[in-house]
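Reviewing the structure listed below.
The values are calculated or read from the model by the stated rules, or taken from the named source; none is laboratory data. Note that the structure is a prediction, hence the values are computed from the model and not measured. Cβ: placed from backbone, ideal geometry, glycine included. Neighbour counts: every protein chain shown. The accessibility values were calculated without ligands, DNA or RNA, using every heavy atom of the protein model including side chains. Shrake-Rupley method; radii C 1.70, N 1.55, O 1.52, S 1.80 Å.
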Amino acid sequence: QVSPYSVLDGQYDLHETIGSGGFAKVKLATHLLTGDKVAIKIMDKRQLGEDLPRIYLEIEAMKQLSHQHICKLYQVVETDTKIFMVLEYCPGGELFDYIVERDRLEEEEARVFFRQIASAVAYVHNMGYAHRDLKPENLLLDDEQHLKLIDFGLCANPMGGLDQHLATCCGSPAYAAPELVSGKQYLGSEADIWSMGVLLYALLCGFLPFDDENLGALYRKIQAGVYENPEWLTAGSKDLLAAMLQVDPKRRITISQLLMHPWLTGGSSSANVDPSSKYKDPETHGVDEDVITEVAVHQGKSRVAVRQAVLRWSYDYLTATYFLLLAQKMKGNPLRLL
Ligand SMILES: CN(C)C[C@H]1CC[C@H](N2C(=O)N(C)Cc3cnc4ccc(-c5cc(Cl)c(O)c(Cl)c5)nc4c32)CC1
């Protein structure tokens with residue numbers, strides 16, 4: 001019987017499994033035309049059952065989201081039994097493990113990371129989504145120590161826009177907002193800010209602000225909103241944490257106020273939220289002509305034909321090749337197809 005992965009033959013070489021998350025397996029792979037490494041998330045539709053709509057939600061969300069701190073979706077392959085998501089490879093693994101290895105991060109390093117997270121979440125909110133599962137396990141490191149947000153399986157894009165209240169309780173309890181664990185209606189964007197507060201606390205302290213192995217006790221601690229401030233926290237970080245870990249969502253800092261908070265804008269390194277243009281939304285910023293040319297020459301086709309095919313954004317092998325070549329160009333590498 002043919003391998004269940006034969007649909008990828010000629011496009012990718014599949015290597016070892018590099019992780020698994022719930023109903024998905026993630027394998028390292030090589031995109032054959034460029035030689036670049038990618039991660040392929042593989043799901044079995046039969047095992048997914050009623051979770052299948054969540055995967056289509058994640059795929060549609062990721063097709064809309066193009067940002068330097070969001071893991072890029074390159075290609076989607078679907079057979080009658082499997083779904084393959086070809087994704088940007090993040091060799092640095094989870095931010096969660098990065099924190100555990102160091103116990104906790106120095107304020108300057110936490111600030112550099114948190115700026116990237118805030119930039120990604122602001123973009124997600126501006127695109128009308130809420131992530132709803134923000135935690136260090138869902139932030140990966142690429143080969144340049146840049147963070148990449150993943151796992152949009154819970155993200156909500158309420159038809160009525162972000163101001164429509166959500167009801168489904170989801171995400172990880174320790175990062176969940178009080179209004180969410182109280183079963184009240186809540187705004188995804190406000191709940192995301194609370195989760196970012198828990199995330200920043202974890203970066204700076206190395207442990208969680210609200211923790212208890214008993215779920216009920218944990219919920220009560222979250223609803224009380226009382227947490228310790230270790231003595232190593234500076235006034236600036238305590239102020240920002242207090243603004244995010246506001247039990248009343250209406251008193252909680254908003255993402256745009258967060259981006260202007262002195263703790264975030266301060267510090268020494270003003271770098272590291274790379275404004276790289278490769279993430280300009282292709283639909284609105286057109287396509288890169290050097291990449292089009294490279295593909296056209298390699299395939300012996302006209303640039304017009306290649307440009308038209310790329311602009312269909314079918315998330316097929318051509319879309320993946322386009323995004324990977326564009327990333328190579330942005331890194332200053334020569335554009336080459338094998
Ligand atoms: C516990 N989690 C919820 C899942 C875990 C799965 C392995 C993954 N990984 C690893 O654990 N390395 C150690 C290597 C690694 C390298 N590159 C990756 C690139 C993308 C992804 C990825 C995974 C999932 Cl489930 C997604 O939905 C998206 Cl959008 C992206 N995972 C990667 C990944 C980290 C997360």
Report, to the nearest 10°, how far helix 52-64 tilts away from the longest principal axis of the Cα atoms in the chain, using its own Cα long axis and a range of 0 to 90°. 80 degrees
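Determine the equivalent ellipsoid of region 1-72 by diagonalising the alpha-carbon gyration tensor, then write out the semi-axes as square roots of 5 times the eigenvalues, largest first, rounded to whole Å. Don't skip to the answer; put the middle values down first.
Values: eigenvalues 88, 71, 26 Å².
Taking √(5λ) for each Cα gyration eigenvalue gives 21, 19, 11 Å.
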Quick one: check the C-alpha center-to-center distance for region 196-274 versus region 51-109, whole angstrom. 23 Å
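Could you give the Stokes-Einstein D for region 58-145 in µm² per second, using the C-alpha Kirkwood radius, 37 °C, 0.692 mPa s?
Once the numbers are plugged in, D ends up at 227 µm²/s.
How much length is gained on full extension from GLU101 to GLN257, taking 0.36 nm per residue of separation minus their Cα-Cα distance? Walk me through the intermediate numbers first.
On the way: separation 156, 0.36 × 156 = 56.16 nm, distance 3.17 nm.
So the chain would gain 53.0 nm between GLU101 and GLN257.
Percentage of Cα-Cα pair distances in the chain greater than 37 Å, rounded to whole percent? Numbers along the way, then the final one.
Details: 11713 of 56953 pairs.
Cα-Cα pairs of the chain separated by over 37 Å account for 21 percent.
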Springs between alpha-carbon atoms under 10 Å, Gaussian network over the chain: tell me which of ARG54, ARG307, ARG46 tops the mean-square fluctuations. ARG46
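Suppose R0 equals 51 Å. What FRET efficiency, 1/(1 + (r/R0)^6) with r the Cβ-Cβ distance, do ARG303 and ILE18 give to the nearest 0.05?
Working: r = 36 Å, r/R0 = 0.71.
After rounding to 0.05, the efficiency reads 0.90.
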With everything on Cα atoms, drop me the angle between helix 215-224 and the longest principal axis of the chain, reported from 0 to 90° to the nearest 10. 70 degrees
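Roughly what % antiparallel, to the nearest 5, for the DSSP beta bridges in the chain?
Here the share of antiparallel DSSP bridges comes out near 95 percent.
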Got the relative contact order for the chain handy, in percent, Cα pairs under 8 Å and 6 or more residues apart? 17 percent
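Give me the 1.4 Å probe accessible area per residue for region 1-146, excluding ligands and nucleic acids, in Å².
Details: 6080 Å² over 146 residues.
Accessible area per residue, region 1-146: 42 Å².
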Spatially proximal lysines relative to LYS25 (Cα-Cα < 18 Å; intrachain offsets below 8 disregarded): LYS37, LYS41, LYS45, LYS72, LYS82
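Based on the Cβ-Cβ distance from ALA235 to THR79, what FRET efficiency comes out when R0 is 41 Å, to the nearest 0.05? Mind showing how you got there, number by number?
On the way: r = 56 Å, r/R0 = 1.37.
So, using R0 = 41 Å, E works out to roughly 0.15.
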Dividing the Cα convex hull volume of region 179-239 by residue count, how many Å³ per residue is that? 90 Å³
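Efficiency by 1/(1 + (r/R0)^6): what FRET value for VAL287 and ASP248, r their Cβ-Cβ distance, R0 = 45 Å, to the nearest 0.05?
Details: r = 46 Å, r/R0 = 1.02.
Once rounded, the FRET efficiency stands at 0.45.
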Under a cut-off of 17 Å between alpha-carbon atoms, report the aspartates and glutamates in cross-link reach of LYS301, not counting same-chain residues fewer than 8 places apart. ASP288, GLU289, ASP290
Cα centre as origin, Lys/Arg/Asp/Glu Cβ charges: the chain dipole, Debye: 760 debye
